[in-house]
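Colleague: Handing you a structure now.
The values are calculated or read from the model by the stated rules, or taken from the named source; none is laboratory data. From a predicted model like this one, the values you see are computed outputs, not experimental measurements. So basically every Cβ, Gly included, is an ideal-geometry build from the backbone, and we count neighbours across all protein chains shown.
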Amino acid sequence: MKLILLSSSCLLLMTASTAGAQAPPPTLAAFFEQRLTTNAQPPFYDDLLKVIDPIAGSDPKDIAAALPLISSALASAKDDLPVEAGFALFEISRRPDGGALLRSRIPEIGSLLARSDERISGGAILTLRNLTPAAGDATVPIMIQFLNSPGKASFKKVETASTLLVYRSGDGQAVKAIQNFLSGEQEPPVRVAMLEALANDQVNTPATDTYAIEALKDPNKSIKLAAIRAVGALGPAVWSRAQAAVTQLAVDPAEDRDVRRAADHALRNNPQQ
């Protein structure tokens, strides 16, 4: 009797375990093939991550096998399929061998910069940035062309300028493109983003140093706050040129209180000239 009960219990446990088990996520190629050839609903974000996260440790041959399907997905008009494909490319670009895997796809990735969907075009900029250390000869001309393209300044162009500044500050064409971008009209949020990028990148060029110093005079509070941080992060040479303006911001009673405090903090944390 006890043996029968034990056997029944084991059977119940096995049944419950089998019912609760989930099928393994599809391979990268299988995922995009299914998305391209069926009318299934778009995956939930968690399900998408189950396909994207393993990319980091996948066999390069499996990645290469999936790339034609990813290209087809980029061209698809189906719901968010191009976004999912862009997500996959970004994750591939983060691999140590990402430059080798995606080198032949770089022109295709560059073409995504023209997409109106910011999720796709913005993701393309980040993908190109990741690829630049290994494949800069292919990515940099695309980014220079994009930075020089007509149209108002954007966060995508800020990221492009930042990438060129970090990886190609000695390239004459890249520097000229950055200069042209900095001298153009920029809405306050874009200018703040550029100043924050300068503070984070901490790469000095005459154009970017002057851009940060001149921003201290901007009437916009957010721009002033970002400029204070930037001139404090760009090194002693920039700080020595900016110190008088920062001091004026700190002591001006008509200045915004947050700006005065930020300026005072910068003065206390940077060497006095």
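Colleague: Show the residue pairs meeting these rules: Cβ distance below 7 Å; 6+ apart or different chains; first residue within segment 132-156 and in contact (Cβ under 8 Å) with a residue 60 or more places away in the chain and exposed (fewer than 14 other Cβ atoms within 10 Å of the Cβ); second residue of a type in the set (Lys, Arg) and not in a helix (DSSP H, G or I).
Modeller: Within 7 Å, no pair qualifies.
Colleague: The conditions are (1) out of contact with any Phe, Trp or Tyr (no Cβ under 8 Å at 6 or more places or on another chain); (2) buried (at least 16 other Cβ atoms within 10 Å of the Cβ); (3) more than 21 Å from residue 118 (Cβ to Cβ), and residue 86 fails exactly one of them. Which is it?
Modeller: Failing condition for residue 86: (3).
Colleague: For segment 53-77, what are the residues that are more than 21 Å from residue 103 (Cβ to Cβ) and surrounded by 13 or more Cβ atoms within 10 Å (Cβ to Cβ)?
Modeller: 54, 76 - these are the residues of segment 53-77 that are more than 21 Å from residue 103 (Cβ to Cβ) and surrounded by 13 or more Cβ atoms within 10 Å (Cβ to Cβ).
Colleague: Oh, and also: Please enumerate the residues belonging to segment 58-72 that are of a type in the set (Gly, Ala, Ser) and either more than 21 Å from the chain's Cα centre (by Cα) or not in a helix (DSSP H, G or I) (or both). So that I can check it myself, show each step before the final result.
Modeller: Applying the first criterion (of a type in the set (Gly, Ala, Ser)) to segment 58-72 yields 58, 64-66, 71-72.
Hits for segment 58-72 are 58, 64, 65, 66, 72.
Colleague: Would you mind telling me which numbered condition in (1) modelled with pLDDT under 95; (2) surrounded by fewer than 13 Cβ atoms within 10 Å (Cβ to Cβ) residue 80 fails?
Modeller: Residue 80 satisfies all of (1) modelled with pLDDT under 95; (2) surrounded by fewer than 13 Cβ atoms within 10 Å (Cβ to Cβ) except (2).
Colleague: Which one of these does residue 101 not meet: (1) touching a Phe, Trp or Tyr at 6+ places or on another chain (Cβ under 9 Å); (2) in a helix (DSSP H, G or I)?
Modeller: Just one mismatch for residue 101, condition (1).
Colleague: In segment 239-263, which residues are over 25 Å from residue 208 (Cβ atoms) and assigned to a helix (DSSP H, G or I)?
Modeller: Selection gives 251, 257, 260, 261.
Colleague: Can you tell me which residue in segment 89-105 is surrounded by the fewest Cβ atoms within 10 Å (Cβ to Cβ), limited to those that are hydrophobic (A, V, I, L, M, F, W, C) and within 16 Å of the chain's Cα centre (by Cα)? Walk me through how you get there before you give the answer.
Modeller: Our first condition is that a residue be hydrophobic (A, V, I, L, M, F, W, C); within segment 89-105, this holds for 89-90, 92, 100-102.
Filter once more, keeping what is within 16 Å of the chain's Cα centre (by Cα): 89-90, 92.
Details: 89: 28, 90: 21, 92: 27.
Residue satisfying both the conditions and the ranking: 90.
Colleague: Cβ contacts < 9 Å: first residue in contact (Cβ under 8 Å) with a residue 12 or more places away in the chain and assigned to a loop (DSSP other than H, G, I, E, B), restricted to segment 35-46; second residue surrounded by 10 or more Cβ atoms within 10 Å (Cβ to Cβ) and of a type in the set (A, V, I, L, M, F, W, C), any location; separation 6+ or different chain. Result?
Modeller: 42/48; 42/81; 43/31; 43/51
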